[in-house]
Amino acid sequence: MRCLCASSIPLVLAGIGLGAALAAGDDAALSDDTESCLACHATLNPGIVADWRKSLHARVTPGEALKKDELERRISVVKVPDNLANVAVGCAECHNLSPEKHRDTFDHADYKVHVVVTPKDCATCHAVEVKEYGQNLMSHAYGNLKNNPVYHSLVDSATGVQSFENMRTSVSPPDAETNADACFHCHGTAIEVEALKSRETALGEMEFPVLRGWPNQGVGRLNPDGSMGSCTSCHTRHRFSIEMARKPYTCSQCHKGPDVPAYKVYTVSKHGNIFSSMGGNWDFDAVPWVVGDDFTAPTCATCHVSLIANGDGEVVAGRTHRMNERLPWRIFGLIYAHPHPKSPDTTIIRNKAGLPLPTELTGEPAADFLIDAKEQEKRRTAMQNVCLACHGQGWVEGQFARFENTIETTNKMTQAATKIMIAAWEKGAAKGLAQNDSIFNEAIEKKWVEQWLFFANSTRFASAMMGADYGAFANGRWYLSKNIQEMADWLRFKLGGMEVQKKE
Amino acid sequence: MRCLCASSIPLVLAGIGLGAALAAGDDAALSDDTESCLACHATLNPGIVADWRKSLHARVTPGEALKKDELERRISVVKVPDNLANVAVGCAECHNLSPEKHRDTFDHADYKVHVVVTPKDCATCHAVEVKEYGQNLMSHAYGNLKNNPVYHSLVDSATGVQSFENMRTSVSPPDAETNADACFHCHGTAIEVEALKSRETALGEMEFPVLRGWPNQGVGRLNPDGSMGSCTSCHTRHRFSIEMARKPYTCSQCHKGPDVPAYKVYTVSKHGNIFSSMGGNWDFDAVPWVVGDDFTAPTCATCHVSLIANGDGEVVAGRTHRMNERLPWRIFGLIYAHPHPKSPDTTIIRNKAGLPLPTELTGEPAADFLIDAKEQEKRRTAMQNVCLACHGQGWVEGQFARFENTIETTNKMTQAATKIMIAAWEKGAAKGLAQNDSIFNEAIEKKWVEQWLFFANSTRFASAMMGADYGAFANGRWYLSKNIQEMADWLRFKLGGMEVQKKE
Amino acid sequence: MRCLCASSIPLVLAGIGLGAALAAGDDAALSDDTESCLACHATLNPGIVADWRKSLHARVTPGEALKKDELERRISVVKVPDNLANVAVGCAECHNLSPEKHRDTFDHADYKVHVVVTPKDCATCHAVEVKEYGQNLMSHAYGNLKNNPVYHSLVDSATGVQSFENMRTSVSPPDAETNADACFHCHGTAIEVEALKSRETALGEMEFPVLRGWPNQGVGRLNPDGSMGSCTSCHTRHRFSIEMARKPYTCSQCHKGPDVPAYKVYTVSKHGNIFSSMGGNWDFDAVPWVVGDDFTAPTCATCHVSLIANGDGEVVAGRTHRMNERLPWRIFGLIYAHPHPKSPDTTIIRNKAGLPLPTELTGEPAADFLIDAKEQEKRRTAMQNVCLACHGQGWVEGQFARFENTIETTNKMTQAATKIMIAAWEKGAAKGLAQNDSIFNEAIEKKWVEQWLFFANSTRFASAMMGADYGAFANGRWYLSKNIQEMADWLRFKLGGMEVQKKE
């Protein structure tokens, strides 16, 4: 292998290189390995290198970071390995870490490099966050979708390729690229090494791994080191900033669609309005994040993740990367809203009917697999403590009563639609489980799906976050009620037609 | 009642407290009463207290505010009560004002406090704005929806809970919390004191009012002092800034849905683009607001509310909180667009058919209740004066001719859909007024509603504000034309089926 | 003609006027002619004048601009006319240029002024950009829509006014104002002088041209000097900034609707998130635009238009106003996605069936009129060079493979829907070309249109820009699959009904 930029490497190693120059400012010293990376990649990929240079990783060593007061500390181990403590967190510190554990490690200019940096790598300094995140539904988003036959059949029915021959439609399952381009873009792909491939580069011919499922930054990505998730889903590489993760745009990457319109709801809420109007002057980088001083309305992170303090340095809410700690309910209905699942692995759930669903088709919760009322109360209180930093107790109680009433009424609207669907299956107007058929592949079944996946969800998110438009006309109650009437009309039409046929 | 923080109150009263410290900066002196509030609430609710500290209310006394030149003045009375003139507008100045007039007043740490601050409270300093706002449709938004039987039936049909039994759907009217969570979130709730409730607090057991309809900041809220509206709908507490009210995000809280997509239309208009691209450098806090200097494209407030001046200090448009002063038309069709109503109370309107609607079902305006052509011309001119600050007369005339043509064509598209609906009622394909049935509760009726409430409205907003996407494919003309064809198809299908049944 | 502000003109001409004052700052000297304009219009239209004063046009003369290093230069001629070289680009320099070539030129206060400044005017200094833009689909957007009978019939069917009489709907073609308010708002109108009209002004009675099709800033506007397009579509008057054109809000004016949701897709992509979260600190005005330094994620302009350099001053991608230089595919399906057309004038295209469409109804490309695989590869490489500034080769290849797979699968989903439509036409369930009927005017045909115009397009844009929501539930694959099933259901229903009728 020729090394076209070899001539610059000795310069770098001699200490007259890029790293030394950087260290002169307020940047941290770079490791020799990272300096080697930069010798080529600063020119090859100027965008990410410049982005990283602006990051805390480039400016503060883990050793310095450990010296901060506990409340201000951004790393959660008590000690970092000696070889990492006093250099910036550069290219090599992550991409060359524990090469033996990463199946995508390859030989590259005398280094063993892996492409996909994983939560296990990040845990070197951020162990608590990685552990908490592992207890999250999000870290299990790949398997929860892929390995649940009910949900999987929804995926296939929605994203498979259809054809029309002899007056009938048929569907073939989605290929891997389609999956990666649709549902698993957010849920995460399974990254696997397919082959090594030679490529002519500025440094001559080099070998690189070809990765299946790549690129992907989904929240439940299966990584080549066996870990689940991707910290860069929210802490976008290569800045890895707390600022981006705290801004709602990050959440909007996956939480804006009609199934889970959290971001849209937020934007029309009073909170979202304050953020949009006044957020330009807030400090999104402060740790702890001081309510009133650093920000005057919550973003997604405020209520669900961040360490919040008041002006006296007292903790209002602790940092958690297990986002369900403040969530008594799972308002994303499958098919009804229900108490939050106990385990982040929802494939273990079985309802009384034996289906891997957290409720019966009637709405009754599969209680064994869901948190109980006491745990719900604990989580409700945890969330309310955030509210109380700005709102009175009466305000907060009123809001929660209204929200939980909406959970109840939207579940009823799901129930009415489901009863119509069950009648259709029973009377032969559609084919369901009894006929060994998917319950998501007919037009009427997709109409039913929209009732709970789009309209009931939207209405509940709107209620939870006070963005009422999405609970009224924008995919909210208007559609909940219209959809039921259209489903009932369809069923009567269909049964009428079957009646006529029978007579003939 | 124990008072756990009583020990701090004497300190505050002795003048060594928070208020004195604040006054040392550029903040105004605080009243003793407000200092007492802050002694506890700065710790209990740090978010809102910090927010308020950044407000003009905390930094300028009404007495100082009165000294400003008329064009720069933000308060509209000639004199404020003596006890309020020389202290900051703090907690007590609003929440303890005229306790005898507020039904939600309660005894709280030796004070008589009310939770819900109302336009009448704000009128102490901002009398003109409150008066103008009272002449607005918005201040009447509660009653106009609740007390108009036609609109009320639309609400019930859209937000009531439905069930499906014996192959038929039925609907029960929405409960109070659902109303507050949906339509009345924006229209406003009726706030009433339900009870007093004891609660254990940091200061021991205390009694607080439990309020029905709370929380709410809807524009037509019925307050416990009998007033209508909520200034904090737009001037969000506790910053109460003119900046937020001038930014379009505030309007988007209620004006983004498919029924009234003003904000969405704005964002794709040239004006919205300029705001989004360049607004970061504008001065949203200047009074008067100087076109060209402080901003280079209008936001919602520019055209509808704000006091606009040119660089020579001449008034381009006067401030008004009666937003219809520059609105010749009401383009929010009910069911047709029509000249603006004379009275903000639209429940008094009766068309020739005796319905409380501003037009006949044919489109003919209920002229007695609507402004005449002369008043329309006056308002059109008032609006055009704003346009002319940046556009030539030919540009403005062209735009208005195009807009008024769109009012006409969208009304025709509403008329075609309505004729189909009337045929359906007459021929028994649907049940309407003649059958004593709601005209909004069947699937086909909801399809008709979308014609005027979503698609015609969207198209007109798009035309008025030049955000053409919403008049083309995004809920615009595409859907207007598709919907008519689907309604006509449905009617032919239905009548064909009835024909078949009859024969049998 | 009286001239009310005549008294101020001599002052201006005497050099004590506004222009001289401006030149004292960092503004360029103004021509006498522009000073004359400003003498009145600074007062009459303060907004645009103040906006222009902030522009580079007001602050740098073409002569100075020519002296910049080539990479930093913003004008693309080697020489500007002598009379323009040393004065600011003011009102007169554009509106009074080559009066004999503009049919909208009129006599105005002793000047010959034209209202509509055109690309030909701009080419005085920006000749290369105007030439490139002329090779763009966008510059031909008027004719490509108006003069293609298939597309034109889609316009008429979507925006014409419908009526309902005797149980049948009928449609009349859209009037000129409706066209200008809908499709041609973005595509551009044909601007023509209708008449001269007298108007009382502050300067007495004056004559002004009345323009048909005005106002409009569509990308393919037909101008009174025979040119096509409007530079102010993106470089909004009168600031004409590169900053606005580089921000995605500008593109969103026309690229946000369901037919072409590029902006929406961008906002939920990682790139869009980085822009929204961190873009407040970027330099949108730098030329060249340095990746990593000036910005850390692409906006629309980065990938499609801008001159991008790395930190060493090396060009990553050249500036081009022929946006298709980096576009191997046209993913906006008509009705299928296909290799990009060779000519920006798409009215010359004929498929084998003789229709002016770039593919057959089966999906086969009309290859003679489209670029070949070699040209596609060249354009693919040009685009990938931009990607590589931040991403590795494996990442980029993976993304393109996935994207081109999505082109294929979405074309198949369009094909299935088209086969259903063809069956409907053949079996008499709908009326198509064989019956000399529009293929867009029936409800089922509009459903078919949505398959390719909304859902397939959305899915492809989502794939291209990695904003997966729009390829999943938000107008993406969910709707692609649901729509096919609904179309097939409809066809079976319809044919069943026809069967019954036949028997009777």
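Read-outs: derived from the displayed coordinates by stated rules, not from any lab. Note that the structure is predicted; figures quoted are calculated from it, not measured. FYI the Cβ positions are ideal-geometry reconstructions off the backbone, even for glycines, and counts take in every protein chain you see.
General observations
- Counting, for every residue in C:458-471, the Cβ atoms of other protein chains within 10 Å of its Cβ and taking the mean gives 4.
- Peptide B:253-260, shielding by other chains (average Cβ, 10 Å cutoff): 6
- Rel. contact order, % - alpha carbon contacts under 8 angstrom, at least six apart, chain B: 12 percent
- Anisotropy class of the range B:322-503 from Cα gyration tensor, a/c 1.5 cut: oblate
- C:S153/C:K131 FRET efficiency (R0 45 Å; Cβ-Cβ; nearest 0.05): 0.85
- A:S36, A:S343, C:S276, C:S55 arranged by Cβ crowding within 10 Å, fewest neighbours leading: A:S343, C:S55, C:S276, A:S36
- Nearest 10 degrees, 0 to 90: helix C:373-387 Cα axis against chain C principal axis: 60 degrees
- In the range B:385-482, the trypsin sites (Lys or Arg not before Pro) that fall in loop regions by DSSP, at most 14 other Cβ within 10 Å: B:K427
- Structural descriptor for the range A:253-320: relative contact order 22 percent, calculated from alpha carbon pairs under 8 angstrom and at least 6 residues apart.
- Sorted shortest first, the distances from the A:D82 label point to those of the same residue in the other copies are 8.0, 8.0 nm; each point sits 7 Å from Cα along Cα-to-Cβ.
- Computed E for A:L203/A:Y111 - FRET, C-beta separation, R0 22 angstrom, nearest 0.05: 0.95
- Förster radius 25 Å - calculated FRET efficiency between C:Q384 and A:L196, Cβ distance, rounded to 0.05: 0.75
- From helices alone, chain A scores -12000 deg cm²/dmol at 222 nm; the rule is -39500 (n - 2.57) for each run of n ≥ 4 DSSP H residues, then divide by the residue total.
- Shape call, chain A: gyration tensor on alpha carbons, a/c limit 1.5: oblate
- Ascending list, in nanometres, of distances separating the C:E314 label from those of the other copies (7 Å, Cα toward Cβ): 5.8, 5.9
- Residues listed by number, the range B:227-270, amide nitrogen under 20 Å from B:D345 label point at 7 Å toward C-beta: B:227-230
- Packing-based exposure ordering (other Cβ within 10 Å, fewest first) of C:C125, B:C234: C:C125, B:C234
- Net charge of the neighbourhood of C:A301, taken over other residues with C-beta under 15 Å away and scored Lys/Arg +1, Asp/Glu -1, is -1.
- By other beta-carbon atoms within 10 Å, ranking A:T347, A:T267 with the fewest at the front produces A:T347, A:T267.
- Sorted from closest to farthest, the other copies place their B:Q435 label points 3.0, 3.0 nm away, with each point set 7 Å from Cα along Cα→Cβ.
- Listed by chain and number, the lysines whose C-alpha is less than 23 Å from the C-alpha of A:K503, apart from same-chain residues fewer than 8 away, are A:K427, A:K431, A:K494, B:K494, B:K502, B:K503, C:K494, C:K502, C:K503.
- Built amide H within the under 5 Å cut-off of C:L222, gap 5+: C:T189, C:A190, C:I191, C:G229
- Whether the range C:117-240 is rounded, prolate or oblate, judged on the alpha carbon gyration tensor where a/c under 1.5 counts as rounded: oblate
- Inter-label distance for B:L56 and B:E499, nm, one decimal - labels placed 7 Å from Cα along Cα-to-Cβ: 6.9 nm
- Taking 25 Å as the limit for the C-alpha separation, the pairs A:K270/B:K342; C:K101/C:K247; B:K79/B:K131 exceed it in the case of A:K270/B:K342; C:K101/C:K247.
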